[in-house]
Amino acid sequence: MRLPGRRRESGADDGSTPAERGEPGEANETDVLAELRPDGAPALSPDARRSAAQARTPVNRTVWVMAIVAVVSLAAGIVLSRFVISPAQAAAEVAPPEAGPITVEVERRALSSDVVARGDAVYDDAVSLTIETGDLGGPAVVTGAVPEVGAEVAAGRVLLEIAGRPVVVLPGDLPVYRTLRSGVSGPDVVQLQGALASLGIDGGSSGTYDAATAAAVAQLFTQAGYPAPEPPEGSREALTAAEEGVRSAEDALAQARAAVTQVGRGATSSERIAADNAVNAAQRTLDDATSCANAAAPIDPETGQALPKEPCATSVADAQDALRLAKAQRDEALAAPDTSAEIASRDAAERALGDAQAALAQAQQDVLTPLPASEVAFVANLPRRVDSVAVQRGSTINGPVMSISGATVEIVANVADADAALLAVGQGASLAVGEETLPATIAEINATPTRGAAATGGGDGQDSTASGRTEVVLHPTELTEEQRTALVGTNVRVTIPVSSTAGEVLAVPIAALTAGAGGETRVEVLRDGATTPELVVVTLGLSAEGYAEITSSEAPLAEGDLVVVGQSDGASGGTSDDASGGAG
């Protein structure tokens, strides 16, 4: 019998298989098994042994590989089992830490206290604009000048064209409610005169729509590129008639005054002399008649007897009557003239002239340039921008024509009342718009919200006053058109610094602060080599971001010193805050 693994010393390759040569290998193992069969059966032939070896070789390899893998796995399991510890065993083997203070280092850092909120970016004071068209006398058809969304609405500009006439925008809070004409007065006239003055047009300041105001309105429309509004129909003809009436009344009055003057002048000098001469002549005639009547009868020289008297030319009685008449005529001629009739005519002529002049003044007022209610719109806080347009060319106005808002972008945020108490108008802020930070300024702080009840900052939709919040309105500064477009309509993060340190300061966590019996603020400092913390009284500055500024201390306190913020209880490894509590 040949031993397995025994090689022939001859290295010649005679073409036989290893099994035939008796060399070690799988065939030799098969040969050995065949030669050692317990039943003593004859050995197999070489061909049979070769076939058996080829059939059994893969099975033997698999068995050996599986056996080796099993042994290696068993050994690895034994080794790894020495290093695996269960959680329960690990917890049991951990010893509790020693009880003692928990410390942190004193730091140097910059502190800043901010009020942070969310705000909506909108254009300020959006309103719906309506036009008063009641005085048009016809349909209010839009004929042109329709603005585009985003267009600017400025004072003195044409907002819209209705029935061929412009609607001019002027600054003011009081809406249009009537057409303004010469002679009317009121707050709307005061507003108009102020609006004209803001445009550099002098319309007076009397509060009454007078000739100066009318001239200013005409100038306003000329600057807008339109003819001035026309006075009422027939007013110019009425003015012409009133002017002719005044001229006629003036002529009549002149004649009446001349009559009064003529009559009131009295007798002339010649008339006076003639009247005196007539009296004197009558007196002489009376004297002659009296002398003739009193003369003695003539005596006849021959007989010595009285002769009959010749009759007198005028009797005394006739002469006396003539004298009385002459005196009466003289008195009448020299008496003051009666001008009552002439004066009455003159007074009537004066009254007629006054009436004519009043009619002329009214006619002159009627032809002054009016301001129709349909041709003006008063808007507060100009300039503004057009948000939406509800009409188009050719449409008839029925309701608001457009929505306009302020041209100023503002951020409306709501903050807690306690935070609002720290803010002031004019205070700076910053807005987080995407990856960009924009500067802003507080413009309004309203205890009663003016932008609606929704709490834009809190996002809870509750009324600000009911939830203890205050509305803060901010105006961004130095916006480009791109920034304006990106900002409007978004909800942004608003940061308002209320206080900060000037650079880095000495600071400790607020948890390190304790209150002493006298109200002083202290920290416990664990010095190098010490086992017991030292109580150090400190003076605080700004508190923010969980830290408090140390402005001074009784004992030296420097960056890197260890201050106690809590205590480890030692048993369970947990911590507890100092029993005295933090100082506020």
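The values are calculated or read from the model by the stated rules, or taken from the named source; none is laboratory data. What you are looking at is a predicted structure, and each value in this text was computed from that prediction instead of being measured. Virtual Cβ from ideal backbone geometry, glycine too; neighbours counted across all protein chains shown. Ligands, DNA and RNA are stripped out before the accessible areas are found, and what is left, the full protein with its side chains, is counted by its heavy atoms. Shrake-Rupley method; radii C 1.70, N 1.55, O 1.52, S 1.80 Å.
Segment ALA155..ALA344, full-extension length gain: 62.2 nm, with 0.36 nm per residue of separation and the alpha-carbon distance subtracted.
The loop-placed trypsin sites (Lys or Arg not before Pro) in the range 279-345, going by DSSP, that have at most 16 neighbouring Cβ atoms within 10 Å of their Cβ come out as LYS309. Legend: calculated FRET efficiency, THR480 to GLN567, from the Cβ-Cβ distance at R0 = 56 Å, rounded to 0.05, equals 0.50.
What the Kirkwood sum gives for the range 193-275 is a hydrodynamic radius of 17.8 Å, with every pair of different alpha carbons counted.
Mean separation of Cα pairs under 8 Å and 6+ residues apart, divided by the residue count of the range 180-335: what relative contact order is that in percent? Working shown, then result.
Numbers: 128 pairs, mean separation 26.0, N = 156.
Across the range 180-335, relative contact order equals 17 percent.
Residue ranking by accessible heavy-atom surface, 1.4 Å probe, largest first, among PHE378, PHE221 comes out as PHE378, PHE221. When the residues VAL141, VAL217 are ordered by accessible surface, computed with a 1.4 Å probe over the protein chains alone, the sequence from largest down reads VAL141, VAL217. Per-residue SASA remark: VAL367, around 30 Å² accessible (1.4 Å probe; ligands, DNA and RNA not included). For the set GLU444, GLU559, the ranking by accessible area, highest first and with no ligand, DNA or RNA atoms included, is GLU559, GLU444 under a 1.4 Å probe. So, in Å, what gap is there between the alpha-carbon centers of the range 138-182 and the range 388-426? Answer, in whole Å: 20. Measuring with a 1.4 angstrom probe and ignoring ligands and nucleic acids, ASP120 comes out at about 50 Å² accessible. Using a probe of 1.4 Å on the protein chains alone, the accessible area found for GLU152 is around 100 Å².
Normalised by residue count, the range 245-373 yields a Cα convex hull volume of 103 Å³ per residue. Between ALA361 and SER500, the simple label model (points 7 Å from Cα in the Cβ direction) yields a spacing of 7.0 nm.
Taking every alpha-carbon pair under 8 Å whose residues sit at least 6 apart, the range 339-439 reaches a relative contact order of 15 percent.
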